[in-house]
Amino acid sequence: MVLPISLQVRQIGNIGHVKTKSIDPKNPTTRQRLHVYTGWIEVNAVAHTFHDVTERFQVVSFVPISPGVIEAFSLAPGENPLRGATVTVRPASAALNEANTIFAVDGASVAMERQTEIPGVVGERLFCLVLRMNVAIQQGELLRVTYQVTALWNEQLAETAALPGSQAPIRKPLESLVAAAQALHTLTQRLIAEGDTAQARVAALDAIQAYRQIAATSGADVVWVANNALILSAVLATAGLAGESTAAAQAAVDVLKEFDPPTQALLTYRTVLAQALHTLTQRLIAEEDAAQARVAALDAIQAYRQIAATSGADVVWVANNALILSAVLATAGLAGEAALAREVAAAITSE
């Protein structure tokens, strides 16, 4: 069983909230309110560039009633004003990396959950409405999802306190870096589409530097950074910007090597590292830097060994990618490294 990867929600927008009185026909004296919450959530969930297995992510978010404002409930033990709810979540915008890209929402739910660390709120039994969803992706990046939550509340218990916030999201330093990197990444793609390679080079190098800065910032999702750098590398390679493409792949490798992943994320980390090294090898070969390509290739081969030795690894996928690397190396005249990659693939499948 593949466990979902938890993602940090980056932004919520287009927030809508309406409510109306509702009567329970079985108990007309019970006061109820029907609330409808709508909006989009920015998740930026990325499936591995070369990974042909569907990946699953868990997204957790508050359900706001307006920009920067959520409802808070101070409840006694056993109290729950939420009588029932329905949830609809759909993929809204995405980046397609392959023709067979797949996006899906496997399920979503809302529940009252206890909160203890909301700024400006004091109370040991503070509860808020929390939306949880599971999304599945194959070979692509899911940028946003839309949601609609319809909830029936017991009005007698629904004495809420709204938490004021600014109308525009307040960005922390990490969030500002992420926004800048995404803007530069997009600008690079737009300039390439317009045929302005000179400005595309400048924007690409700025994007690569921004990704490095994100990775060096506390709390950063380094695997997300590496995946996006690899996507940028592919875009640049297709545009013929070989040097910048190599720089993006090198950045992905560097930030991953500086990262010490938690045990539960070890397989994901090793998979992305192997992909980054595989990509870097290809980019160096394209630039005819055989010496550095040998170094990267040997690191990639070792990374594939490590993946195969990790619990839960798809050894067939690992062996196939090692064989693909072997073919690339053989074509480039790196016979020794090509033979080693073939040996590793054979050893993995025979175990």
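The values are calculated or read from the model by the stated rules, or taken from the named source; none is laboratory data. Given the structure is predicted, the values throughout are model-derived calculations rather than measurements. Note: ideal-geometry Cβ built from the backbone for every residue, glycine included; neighbour counts use all protein chains shown. Surface accessibility is based on the protein's heavy atoms, side chains included, excluding ligands, DNA and RNA. Shrake-Rupley method; radii C 1.70, N 1.55, O 1.52, S 1.80 Å.
For region 74-84, the set of residues classified as in contact (Cβ under 8 Å) with a residue 40 or more places away in the chain and either assigned to a loop (DSSP other than H, G, I, E, B) or farther than 12 Å from Asn154 by Cα (or both) consists of Ser74, Leu75, Ala76, Pro77, Glu79, Asn80, Pro81, listed by residue number. Under the condition of being at pLDDT below 75 and in a strand (DSSP E or B), the residues counted in region 25-42 number 1.
Cβ-Cβ distances below 7 Å connect the following pairs, each with a first residue in region 311-340 that is more than 22 Å from Arg283 (Cβ to Cβ), a second residue that is among the β-branched types (Val, Ile, Thr), and a separation of six or more residues or different chains: Ala313/Ile307; Asp314/Val53; Val315/Ile348; Val315/Thr349; Ala319/Ile348; Ala319/Thr349.
Residue-by-condition table, conditions (1) more than 18 Å from Thr86 (Cβ to Cβ); (2) at pLDDT 80 or above; (3) open to solvent by 20 Å² or more (accessible area, probe 1.4 Å):
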| site | (1), (2), (3) |
| --- | --- |
| Ser109 | no, yes, yes |
| Val121 | yes, no, yes |
| Phe127 | yes, no, yes |
| Leu143 | yes, no, yes |
| Tyr147 | no, yes, no |
| Asn154 | no, no, yes |
| Thr160 | yes, no, yes |
| Ser166 | yes, no, yes |
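Considering region 43-93, and only residues there that are hydrophobic (A, V, I, L, M, F, W, C) and under 22 Å from Ala229 (Cα atoms), the residue that is modelled with the lowest pLDDT turns out to be Phe50.
Of the numbered criteria (1) in a loop (DSSP other than H, G, I, E, B); (2) open to solvent by 60 Å² or more (accessible area, probe 1.4 Å), the one Gln302 fails is (1). Consider region 217-240 and keep the residues that are without any contact (Cβ under 8 Å) to a residue 60 or more places away in the chain and outside any helix (DSSP H, G or I). The one that is surrounded by the fewest Cβ atoms within 10 Å (Cβ to Cβ) is Ser218. Which members of region 185-207 meet the condition of being hydrophobic (A, V, I, L, M, F, W, C) and more than 18 Å from the chain's Cα centre (by Cα)? Hits for region 185-207 are Leu187, Leu191, Ile192, Ala193, Ala198, Ala200, Val202, Ala203, Ala204, Leu205.
Looking at region 281-294, can you tell me whether even one residue there is surrounded by 16 or more Cβ atoms within 10 Å (Cβ to Cβ) and within 22 Å of Ala181 (Cβ to Cβ)? Yes, region 281-294 has at least one match.
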